[in-house]
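First comes the structure, then the notes that go with it.
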Amino acid sequence: MMEVAYVCEWERRPKSNHCPSIPLVCAWSCRNLIAFTTDLKNEDDEKDLSHMIHIIDTEHPWDVYSINSGHTEVISCLEWDQSGSRLLSADGDGQIKCWGMAEHLVNCWESTLGSAVEGDPIVALSWLHNGVKLALHVEKSGSTNFGEKFSRVKFSPSLTLFGGKPMEGWLAVTVSGLVTVSLMKPSGALLTAGESLCRLRGRVALADIAFTGGGNIVVAATDGSSSSPVQFYKVCVSVVNEKCRIDTELLPSLFMRCTTDPVRRDKYPAVTHLKFLTRENSEQVLLCASSQTGSIVECWSLRKEGLPVNNIFQHRSPVVGEKQPMILKWRILSATNDLDRVSAVALPKLPISISNTDLKVASDTKFCPGLGLALAFHDGSIQILHRLSLHTIGVFYGSASSGPSQRGGDDAAIKRQRTGGPTVHFKALQFSWTSLALVGVDNHGKLHMIRVSPSMGQIVDMNTLLRHLLFLLEYCMVTGYDWWDVLLHVQPGMVHSLVEKLHEEYMKQEAALQQVLSTRIVAVKASLCKLSSATSARACDFHAKLLLIAISSTLKSLLRPHLLNTPDKSPGDRLAEICAKNTDTDIDKVMINLKTEEFVLDASTLQSLQQLIQWVGDFVLYLLANLPNQGSIVRPGFGFLRDGPSLGMLREMMVVIRIWGLLKPGCLPIYTATSDNQDSMSLLFRLLTKLWLCSRDEGHPQDPDEPLIDECCLLPSQLLVPALDWLPISDGVICKLQSRHPLRLQFCRPCSLPGLNAGGQAEVFSRSPGSQRMDNLRCLHMGVCPTEDSKACTRCGCVTMLRSPNKTTAVKQWEQRWIKNCLCGGLWRRIPTTLS
């Protein structure tokens, strides 16, 4: 149901201690970056570590980047933007800072903008809404159309620029009842304004921010006393004459029900948690009131109700079309019984539709992601409650100090832990974006990654579990969110079925959507295949396919029509059409049918592309030479043997390279042949065409005939076959979590544990200590001990140099494609030169 995946702790320092009074905050981005604070203080350091922000990516939790934030008071808020690439931090002195990646690296951050409300602590912080909202329909999970499963909901941005483009910025609420807004102008300047939430300003101990579909902002605020009302305000932001304007309006308020209950009136004096259930739903709010020993949680909903009319007016004849006046009123949805003291609350980010039909289907299919909220308690346990009924649907009994979760009946272990001193518990808790994982920071500064079962421990058959995981993988594909937390629940035996089902669903989509998702689905398949030793070779094929698609689109983009009046089809489209129709095995005969003047490029440009051209030539040779070796053990390249579109793409590239070789012979791929007069490219094109003809019809692929296999058997005696040194190696933690045993990790110490597939992947991924290191994007050798600064992909492990060794326009065009993200869509992190 819930179990620890890994725990990452700080290296013990002799003169360090913890401050229990310091609150901790944690934030999880849609790109699986986690920002958090700790209460650790070191007596030897002048800088207080509790004022630092720590950022990790979930795949490399030990590679922590600690930001000396410059905050002078305790950090009270951390908020990621919708893209997961920028972070807001706020402190108890009213300082707000906006952090962005330096050189698009997840372990290099810098503060670019900021605002301040001097001396006024920030209690709530949020980015303005960009108007993008999706609804996930469990009822439609069996549909073949992604548009029905994940529908776009009409939602207005908080503020728009000319043409309807959403304006970026943030909004904060201070302890004195001030709301402050900072707007980021396209020029880079910052517009800032502040306004009181109401005319009579009062203390705000807790606040939260939500958004409405009409573009308004709703702020909930309380002074911290459960006997005081929880106030709600509508905030409207506008720009008038280049100045930011804020208008506020008081909305209906509520009193917690526990204060009206004679039994509990004085039992829970303080409101300790106040949160809207979702940031796009301002009509449902969660409240937690606590004492020193216990807590109670209530869920409230805002509803429209008819306004009762006085008896004097009831007998008046109604006007035609007159309707009963309506008012908005808060009604309690549900409440818990008395609980242990709550230390942290986490709300789900998955935008699951809560219509009656969707909730019924979710209950019938035991699909729980997005339906539960998490409460952490001071005894170290976590409970998952239904977000509407507040019924318990899952419990994590293991304390934050132990590795695996304890059984519900293991009361003795819990009692032993309690009597040993102060209980280790979570002070900050966050759900992942698919609600399949929880991250918690305990009162000793340790970070815990916890799996959350899609069925919350309910017994489901394998097909149902696969459907749940497939549904969430499709959601990540459509939204662009990272799917790392879904992989936490994929066992090696599920990989093949998930890959096949994902491909089937993808092929049922419209052609336009398939084109948009074409590279993303390949990246998802590659991530899945790495989880099993039986499919690790296919992971190599998917990485090679990503590189092939990228090289093909880049080389085709360099082609220009000879005449200024551009025809209906681009040179690249005509190339693909002619190569698809012409089945001739002679490369020169295929080349004759093309307008070679469209392929004319400068000699310097062609020469700068030689490394990419060499990769295409080497890959074709490798595929053909390994065709006879594909037996019971699947080897890298197997996935291409029946992939007609990819073989056709390679065939097109060979034709383009042949034409460019006539202009600049130095750009041709270099082969080591046993015969001086052998035309290597013609030989490879002929064999490649024969293989392509066997798999051209995807519905009825044919096995290669014996003469083709015999010719491929002779290739190693005619040409030197290249090694597989261009495949990226991932050193992430996901492959090490398949055994279900929690990992013990340390910040700043790379994980050296062997993965589940270490033996099965040895032939594919291993590198000898003295082997050349590769720049996987530029297809360059960096030497045995590279001295250049390098970066690696957080997802696939692809390594490339930070600085370009080539300054030509064509190479810059290639490198600019990957400045923010890797081929697979993963983020970049700087790595030491010894690891590159």
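The aspartates and glutamates whose alpha-carbon is closer than 17 Å to the alpha-carbon of LYS97, local same-chain residues fewer than 8 away aside, are GLU73, GLU79, ASP81, GLU110, GLU118, ASP120, GLU168. In degrees from 0 to 90, rounded to the nearest 10, what is the angle of the helix 644-663 Cα long axis to the longest principal axis of the chain? In the chain, helix 644-663 runs at an angle near 60 degrees to the longest axis. Look at the dipole of the chain built from charges on Cβ: of LEU594, GLN383, HIS503, the Cα furthest out on the positive end belongs to GLN383. Computed from point charges on the beta carbon alone (+1 for Lys and Arg, -1 for Asp and Glu), the dipole magnitude for segment 637-741 about its Cα centre is near 400 Debye. In terms of accessible area, using a 1.4 Å probe and ignoring ligands and nucleic acids, TRP828, TRP300 rank largest first as TRP300, TRP828. Since only LEU78, LEU488, LEU302 are under comparison, the one whose Cα sits farthest along the positive direction of the charge dipole of the chain, derived from C-beta charges on Lys, Arg, Asp and Glu, is LEU302.
Quick one: grab the alpha carbon gyration tensor of segment 326-402, order the square roots of its eigenvalues as a ≥ b ≥ c, and give me rounded if a/c is under 1.5, else prolate or oblate depending on whether a/b is larger than b/c. It comes out oblate by the Cα gyration axes. Seen against the Cα atoms of the chain and their longest principal axis, helix 571-581 is set at about 60 degrees.
Students often check this: by mean Cβ neighbours within 10 Å, which of 144-154, 449-459 ranks highest, and how do the rest follow? Can you show the working numbers first?
On the way: 144-154: 14.3, 449-459: 19.5.
Going from most to least packed, we get 449-459, 144-154.
Rank by packing, highest mean first: peptides 539-548, 58-67, 332-341, with packing defined as the count of other Cβ atoms within 10 Å averaged across residues.
On the way: 539-548: 23.6, 58-67: 20.3, 332-341: 15.4.
In decreasing order of mean packing, 539-548, 58-67, 332-341 become 539-548, 58-67, 332-341.
Averaged over residues, the count of other Cβ atoms within 10 Å places the peptides 688-695, 425-432, 782-789 in the sequence 425-432, 688-695, 782-789, highest first. LYS323: which aspartates and glutamates have alpha carbons under 13 Å from its alpha carbon, excluding same-chain residues fewer than 8 sequence positions away? Output for LYS323: GLU305.
Just to confirm a number: summing +1 for Lys and Arg and -1 for Asp and Glu over residues other than PRO121 whose beta-carbon lies under 12 angstrom from that of PRO121, what do you get? Mind dumping the intermediate values first?
On the way: positive: ARG203; negative: GLU73, ASP91, ASP93, GLU118, ASP120.
Every neighbour counted, the sum reads -4.
In a simple Cβ point-charge model (Lys, Arg +1; Asp, Glu -1; nothing else charged), the chain has a dipole of about 1460 debye relative to its Cα centre.
About its Cα centre, segment 216-293 has a charge dipole of approximately 180 debye under the convention of +1 per Lys or Arg Cβ and -1 per Asp or Glu Cβ, with nothing else charged. Summing +1 for each Lys or Arg and -1 for each Asp or Glu among the other residues whose beta-carbon sits under 11 angstrom from that of ILE53 gives 0. In degrees between 0 and 90, to the nearest 10, how far off the longest principal axis of the chain does helix 536-557 point, with axes built from Cα atoms? Result, in degrees: 80. Seen from CYS108, the other residues with C-beta closer than 14 Å to its C-beta sum to a net charge of 0, counting Lys and Arg as +1 and Asp and Glu as -1.
The values are calculated or read from the model by the stated rules, or taken from the named source; none is laboratory data. Because the structure is predicted, anything quoted here is derived from the model rather than measured. Note: ideal-geometry Cβ built from the backbone for every residue, glycine included; neighbour counts use all protein chains shown. Ligands, DNA and RNA are stripped out before the accessible areas are found, and what is left, the full protein with its side chains, is counted by its heavy atoms. Shrake-Rupley method; radii C 1.70, N 1.55, O 1.52, S 1.80 Å.
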